[in-house]
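Single-structure report; data block below.
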Amino acid sequence: MSNGLKAGFARIDISPMTLSVPMGGFGANELRMSNEIVDPLYAHTTALESGEESCLYICVDLLGVSEKYIALYREAISAATGLRKDRIFICATHTHAGPTLASKHPNTLKYAEEILTAKLVDAARRALADLKPAKLSYGTGEAGRPGCRLTFDRHYYAVEESKKDNYKPEDLLEGVGKVRSGYLKGEGYCAVQHKEEADHRIHILRFTREAADDIVLFNFTSHSTFTGSPKRPQISSDYSGATINRLEELLPDVKFAFMQGCCGNLVPETEIEEEGIWGLTYPPRATTGFKGELPKVVGLRPWHKSHYAFGAMLAGDVFKILTQEMKDSETDTLAFRQRIHAANYDHSKDELVPKAEEALKVYHAEGHTPAAYAWCAQFGLGSVYACGDIVTKSKLPMTGDVELNAIRIGDCAIATIPFEPFCSTGQHIKKDSPFAMTIANGYSCGYQSYLSTKNSHPLSYEASRMRYEVGTAEILEDQLIEMLNELK
């Protein structure tokens, strides 16, 4: 065993229980109040200590945790444990079937400020009390296989259906706006290739402990949207919880925690290259424009239980890496870098605020209706949510603070990103990192909406919602890579 490294673990249920709260994801509005717990939500807390350094890494089954609540939870945990606030890292799995912390509903405030605070303090105390000597190993492998992937870019290039078998580069159209809706409604367009290659890699940190269960943190990159929908008020940890359940059946002496990657543009669906795009998540899309029979995959219906099958598939890939691909870390160093970067907010659409406010009035009066969406679209504002973001951004100052963290754990590192970043951001950080394995952890230590890259279509859903100026993603990538090099 290592002479210096120690690891501890605690898991605590953070489900809202009898309290009905507004749900996160799909617009995060107060019309979707939780009414049933299908899969419990947890805070998976890992404590690490090496020499004079120590930290907590808390993975919560929530859509995201804003800077306001990160500060609240750090303050409470630090007061209870004596741990430095900048050594407490909190990330979200980004399930779309959990409470939103963005609402001002009284039940949200009670849940976020009282219940969740107490539970995270309890989890922190338990994890620190569980610290035991540990040895670190790490491994990397792929999820799925060529021809049957578990995630892909939800942006694509489309062509007119008559050209799908013989198209030229100049025929390609980006799948947004008219092209995307036209394709989905079978109006003469079809998708032919994804805009960006998804990140199919799984990254694993394993802490083997003396006379105690091992601890495994695994990182994968894809949205958690199986169980969430605008009309489904059921609480669920989505595929990450299902994956953990299956893994702990396979390895009962190991405790698992999931770390989300940079999945702002990735969705958890299966790409069957020979058959075209087939969606697991949303059945109405599966047959849109599809010719021929759907692939025969056992156990993926009914659709709202698909996360169990997806979790079983992902768990199989994690299990393979754990049993065949792991390497021992040569060091047990624990070190940290933190920067607070002042990023420029995007005020380029401030002149559209009156139109956006008018569109939102219609939307709030009519709710989720085609007429309300059409009213927003006629102003060229992209979507109802884009209208809300245009109004919100107009009220922001010129710059905002972005917390970046680089964490060294032995031969490996973690980079935290407080956004919903595109997968290329994570790939660039991992590619240029000097460490043997680097995890790019999105939705971590804050949640400031999307972080789209320079090559994103300006009218895409994510780009229109981003708070910061175009080019911010690339600046933050460079900052994190520099921090990782400092740690090395």
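Listing for the model above:
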{"item": "Residue count for segment 139-189, restricted to those that are at pLDDT 70 or above and either under 30 Å from Asp411 (Cβ atoms) or part of a helix (DSSP H, G or I) (or both)", "result": "17"}
{"item": "Filtered residues of segment 409-456 (kept if at positive phi and hydrophobic (A, V, I, L, M, F, W, C))", "result": "Cys445"}
{"item": "So Thr108, is it surrounded by 18 or more Cβ atoms within 10 Å (Cβ to Cβ), β-branched (Val, Ile, Thr) and touching a Leu at 6+ places or on another chain (Cβ under 7 Å)", "result": "yes"}
{"item": "Within segment 105-138, tally of residues that are under 23 Å from the mean Cα position of the chain (by Cα), among the basic types (Lys, Arg) and either outside the structural domain of Ile215 (by TED's automatic domain parsing) or not in a helix (DSSP H, G or I) (or both)", "result": "0"}
{"item": "Verdict on Pro99 being surrounded by 22 or more Cβ atoms within 10 Å (Cβ to Cβ) and not hydrophobic (A, V, I, L, M, F, W, C)", "result": "yes"}
{"item": "Subset of segment 460-470 [over 14 Å from Arg154 (Cα atoms) and either of a type in the set (A, V, I, L, M, F, W, C) or part of a loop (DSSP other than H, G, I, E, B) (or both)]", "result": "Met466, Arg467, Glu469, Val470"}
{"item": "Single condition Ser424 does not satisfy, out of (1) more than 23 Å from Lys68 (Cα to Cα); (2) touching a strand residue (DSSP E or B) at 6+ places or on another chain (Cβ under 9 Å)", "result": "(2)"}
{"item": "Condition broken by Ala71, with the remaining ones in (1) small (Gly, Ala, Ser); (2) out of contact with any strand residue (DSSP E or B) (no Cβ under 6 Å at 6 or more places or on another chain); (3) in contact (Cβ under 8 Å) with a residue 40 or more places away in the chain satisfied", "result": "(3)"}
{"item": "Residue check, Ser54 in contact with a strand residue (DSSP E or B) (Cβ under 7 Å, 6 or more places away or on another chain), of a type in the set (Gly, Ala, Ser) and outside any strand (DSSP E or B)", "result": "no"}
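The values are calculated or read from the model by the stated rules, or taken from the named source; none is laboratory data. Just so it is clear, the model here is predicted, and its values are computed rather than measured. Cβ sites come from the backbone with ideal geometry, for glycine too, and all protein chains shown count toward neighbours.
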